[in-house]
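Here is the structure we will look at.
The values are calculated or read from the model by the stated rules, or taken from the named source; none is laboratory data. Nothing here was measured: the structure is a model prediction, and the numbers come from that model. Neighbour counts run over all protein chains shown; Cβ positions are idealised from the backbone, glycine included.
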Amino acid sequence: MGSRSDRTVQPQQAWPPAQRLMGVTYDAGALIAADRGQRRMWARHEALLANRVVPTVPASVVAQTWRGGGRQALLSNLLVGCDVEALDDDQARRVGSLAAKAATTDIVDASVVEGAMRRVDLVISSDRSDLQAIAAATGRSLDVEGP
């Protein structure tokens, strides 16, 4: 047997970019699951934070799921541990172009896909097929898991 120094290790940089996930993006399904107190979603969220991974939530997803009031205390708590990404002018134009290319009018889904592809994120969503179809319109794939 050789020593540890004889072993060849492939560095992460050698992987194709599509296989290197950088972070996590939450879509509406993830926020709804958290708001309903689903243990699997909360366990995932807590594990991400424990590993110093701060999930990203597009502001459009917050708008889609937020109804206000004290009834959404769980959702409010989840969002405290997330980076809510604003939709600025440049990103809005990229999202609009992506929606046109994918022939969709769902700007929320397009904003999730645009941001996740830009950051090379895993997406947590209950809407896998629609998000993957939008990404496929660009010739790219998107990693999506259920909440």
Tally up the residues in region 130-147 that are within 12 Å of the chain's Cα centre (by Cα) and either part of a strand (DSSP E or B) or surrounded by fewer than 16 Cβ atoms within 10 Å (Cβ to Cβ) (or both), please.
3
I'm trying to understand the selection: among the residues of region 115-125, which are part of a helix (DSSP H, G or I) and under 10 Å from the mean Cα position of the chain (by Cα)?
Gly115, Ala116, Met117, Arg119
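Find the residue count for region 36-55, including only residues that are more than 15 Å from Pro147 (Cβ to Cβ) and not in a helix (DSSP H, G or I). Steps first, please.
Residues of region 36-55 more than 15 Å from Pro147 (Cβ to Cβ): 49-54.
So of that shortlist, the ones also not in a helix (DSSP H, G or I) come out as 51-54.
Of the residues in that region, 4 qualify.
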Would you point out which residue out of Val53, Val112, Val61 is touching a residue at least 60 places away in the same chain (Cβ under 8 Å), surrounded by 12 or more Cβ atoms within 10 Å (Cβ to Cβ) and β-branched (Val, Ile, Thr)?
Val112
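For region 37-62, how many residues are more than 16 Å from the chain's Cα centre (by Cα), among the polar types (S, T, N, Q) and modelled with pLDDT of 95 or more? Even if it seems obvious, please write down each step before you answer.
Our first condition is that a residue be more than 16 Å from the chain's Cα centre (by Cα); within region 37-62, this holds for 37-40, 43, 50-51.
Pick out the ones that are also among the polar types (S, T, N, Q) and you get 38, 51.
Filter once more, keeping what is modelled with pLDDT of 95 or more: 38.
Residues that pass the stated criteria total 1.
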Are any of the residues in region 71-81 of a type in the set (Val, Ile, Thr) and either closer than 19 Å to Gly29 by Cβ or in contact with a Cys (Cβ under 6 Å, 6 or more places away or on another chain) (or both)?
no
Every residue from region 61-77 that is touching an Asp or Glu at 6+ places or on another chain (Cβ under 9 Å) and closer than 16 Å to Val123 by Cα
Val61
Arg71 - would you say it is part of a helix (DSSP H, G or I), of a type in the set (D, E, K, R) and at pLDDT below 95?
yes
Any hit, region 82-105, residues being under 28 Å from Arg39 (Cα atoms), touching a helix residue (DSSP H, G or I) at 6+ places or on another chain (Cβ under 8 Å), part of a helix (DSSP H, G or I) and at pLDDT 95 or above
no
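Considering Ala34, Ala28, which residue is more than 24 Å from Ala135 (Cα to Cα), buried (at least 20 other Cβ atoms within 10 Å of the Cβ), within 17 Å of the chain's Cα centre (by Cα) and modelled with pLDDT of 95 or more?
Values: Ala28 fails: more than 24 Å from Ala135 (Cα to Cα).
Answer to the selection: Ala34.
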Within region 119-147, which residues are touching a residue at least 24 places away in the same chain (Cβ under 8 Å) and not hydrophobic (A, V, I, L, M, F, W, C)?
Arg119, Asp121, Ser125, Ser126, Asp127, Asp130, Thr138, Arg140, Ser141, Asp143, Gly146, Pro147
